[in-house]
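The values are calculated or read from the model by the stated rules, or taken from the named source; none is laboratory data. Source: prediction; values computed, not measured. Every residue, glycine among them, receives a Cβ derived from its backbone with ideal geometry; neighbour counts consider all protein chains shown. Note: accessible area is taken over every heavy atom of the protein model, side chains too, but ligands, DNA and RNA are not part of it. Shrake-Rupley method; radii C 1.70, N 1.55, O 1.52, S 1.80 Å.
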Amino acid sequence: ISFIPILYKCQLSSNCYSFQKPEIDLLTFPSSWNLLYFPSDPPPLTLKIALFVKKWPQRSHAGGLERHALNLHLALAKRGHQVHSFTTSSPNTSFPNLVFHLSEPTVGGYLNQTVVWSQFRTQNSTGTPFDIVHTESAGLMHAQAKDVTNLAVTWHGIAYESIHSDIIQELLREPEEQQAAMVTKKIMRVVEEVRFFPRYSHHVATSDHAGDILKRIYMIPEEQPELSLGNELKHELGIPQNGSLILGMSGRLVKDKGHPLIFQALKEIFMENNRFQQTVVLVIAGDGPWGARYKDLGANILVLGPLGRADLAKFYNAIDIFVHPTFRGQGLDQTPLEAILSGKPVMATRVASLTGSVIVGPELGYTFSPTVKSLKKTLYRVWNDGKVVLEKKGKAARQRGCI
């Protein structure tokens with residue numbers, strides 16, 4: 001989070017100081033509240049994204065919810081993704097890849113659900129359907145969203161927190177001040193939220209505290225790895241369910257992602273250890289020049305090509321450990337994060353962007369220097385540790401990833 005320095009002009013009068021606050025246009029300010037950094041490489045695929053937010057920031061008028069929508073979705077649009085914003089207002093300037101679908105707000109200032117749902121259905125049936133639907137808090141109400149399986153909700157505020165605020169205010173109330181109104185209405189709102197919150201497909205909390213409330217009070221279940229998806233892919237590929245140790249890699253199959261390194265390490269291990277070759281399977285999701293070369297290593301190297309989101313879910317759930325031999329550190333790679341959120345440990349090159357954020361300790365995975373000797377040693381260690389140890393590390397990695 002970065003803070004904006006507010007500069008005030010002070011004009012001296014004969015009796016007092018007066019301060020004039022210049023208006024700041026949030027849409028053109030050089031720094032944002034939550035800066036987002038993406039790799040310089042273009043995304044492997046571009047997404048069609050739907051955003052529901054009750055209003056878009058207008059110059060200096062924006063709360064935290066609107067700022068979040070602005071920063072996140074402008075960054076995604078700049079990455080090349082197609083973003084459709086269903087909202088009640090739009091900026092005066094246009095942005096590439098960002099389309100606004102406007103509607104009149106309700107008396108309370110919220111989105112008119114009938115109108116925005118009609119707009120959404122029209123756009124969802126035009127060309128390709130939306131890959132992701134994102135609503136800032138209850139921008140899209142559960143009555144419409146209950147059948148949208150690719151929807152994620154970012155919770156910025158929940159009724160339970162407002163009750164806690166009322167308690168604090170009551171404790172600070174002076175005896176002569178009028179007592180606040182009864183909180184019965186707010187309590188019933190919490191009850192209603194508890195009933196419909198779990199109907200949303202995916203939840204994003206804006207703080208650890210909010211996430212804890214969502215799990216404890218609102219009874220939203222924590223997502224668990226879907227083992228059945230992994231078993232489905234193993235069956236399709238002819239891999240025994242409880243046999244081979246499965247290594248996984250995904251992404252672009254190019255030199256700077258470390259593929260020459262892992263190729264040479266596996267080639268040497270296969271030549272010196274027949275049992276390793278027979279009991280280890282490497283499943284690779286992605287496309288690139290090194291895809292064809294891997295096939296020279298034998299039948300236990302399976303190159304699947306680029307996968308859609310549904311098949312990627314199968315991939316992550318099928319593997320025992322994710323291997324990430326990148327040669328270069330960058331902001332934060334997406335693929336290791338996808339792996340740990342699927343409950344899989346990560347084995348990666350010892351670069352700061354990974355050891356500082358993903359594999360922060362041996363209980364979460366393995367690291368190696370970008371040399372064939374170091375990688376071979378780590379591959380042997382993973383093989384000797386086996387599935388039981390890897391499963392334990394995967395659970396620890398997922399627990400950290402969900403914090």
- Taking Asp287, is it within 24 Å of Gly394 (Cβ to Cβ), acidic (Asp, Glu) and touching a strand residue (DSSP E or B) at 6+ places or on another chain (Cβ under 9 Å)? no
- Query: Residue check: is Leu98 buried (at least 19 other Cβ atoms within 10 Å of the Cβ), within 16 Å of the chain's Cα centre (by Cα), at pLDDT 85 or above and not assigned by the TED database to the domain that holds Leu307?
  - Reply: no
- Could you give me the residue pairs with C-beta distances under 7 Å whose first residue belongs to region 376-402 and is within 18 Å of Ser342 (Cβ to Cβ), whose second residue is open to solvent by 50 Å² or more (accessible area, probe 1.4 Å) and in a helix (DSSP H, G or I) wherever it lies, and which are 6+ apart or on separate chains? Arg398/Leu341; Gly401/Leu337; Gly401/Leu341
- Only one of (1) at pLDDT 90 or above; (2) touching a Cys at 6+ places or on another chain (Cβ under 9 Å) is not met by Asn273, so which one is it? (2)
- Query: If you check Ala143 against the conditions, is it in contact (Cβ under 8 Å) with a residue 24 or more places away in the chain, exposed (fewer than 13 other Cβ atoms within 10 Å of the Cβ), farther than 15 Å from Val53 by Cβ and under 26 Å from the mean Cα position of the chain (by Cα)?
  - Reply: yes
- Message: Against the definition (assigned to a helix (DSSP H, G or I), open to solvent by less than 30 Å² (accessible area, probe 1.4 Å) and of a type in the set (Gly, Ala, Ser)), how does Ala265 come out, yes or no?
- Response: yes
- Query: Quick one: Ala339 ticks every box in (1) small (Gly, Ala, Ser); (2) touching a residue at least 12 places away in the same chain (Cβ under 8 Å); (3) in a loop (DSSP other than H, G, I, E, B) bar one, so which box is it?
  - Reply: (3)
- Message: When you scan region 319-333, do you find a residue that is part of a helix (DSSP H, G or I) and either of a type outside the set (D, E, K, R) or farther than 23 Å from Leu237 by Cα (or both), even just one?
- Response: no
- Message: Looking only at region 350-370, filter to residues that are closer than 20 Å to Leu282 by Cβ and touching a Leu at 6+ places or on another chain (Cβ under 8 Å); which one of those is least open to solvent (accessible area, probe 1.4 Å)?
- Response: Phe368
- Message: Against the condition on the phi < 0 side of the Ramachandran plot, in contact (Cβ under 8 Å) with a residue 40 or more places away in the chain, of a type outside the set (Phe, Trp, Tyr) and open to solvent by less than 40 Å² (accessible area, probe 1.4 Å), how does Val133 come out, does it pass?
- Response: yes
- Those residues of region 70-116 that are farther than 13 Å from Lys54 by Cα and touching a helix residue (DSSP H, G or I) at 6+ places or on another chain (Cβ under 8 Å) come to a total of 6
- Item | region 268-288: number of residues that are among the β-branched types (Val, Ile, Thr) and either within 26 Å of the chain's Cα centre (by Cα) or in a strand (DSSP E or B) (or both) | 4
- List the number of the failed condition for Pro370; all other conditions in (1) closer than 12 Å to Lys344 by Cβ; (2) touching a Phe, Trp or Tyr at 6+ places or on another chain (Cβ under 7 Å) hold. (1)
- Query: Is it the case that some residue within region 243-257 is open to solvent by 50 Å² or more (accessible area, probe 1.4 Å) and modelled with pLDDT under 80?
  - Reply: no
- Query: When region 151-191 is examined, which residues are found to be among the polar types (S, T, N, Q) and exposed (fewer than 15 other Cβ atoms within 10 Å of the Cβ)?
  - Reply: Ser162, Ser165, Gln169, Gln178, Gln179, Thr184
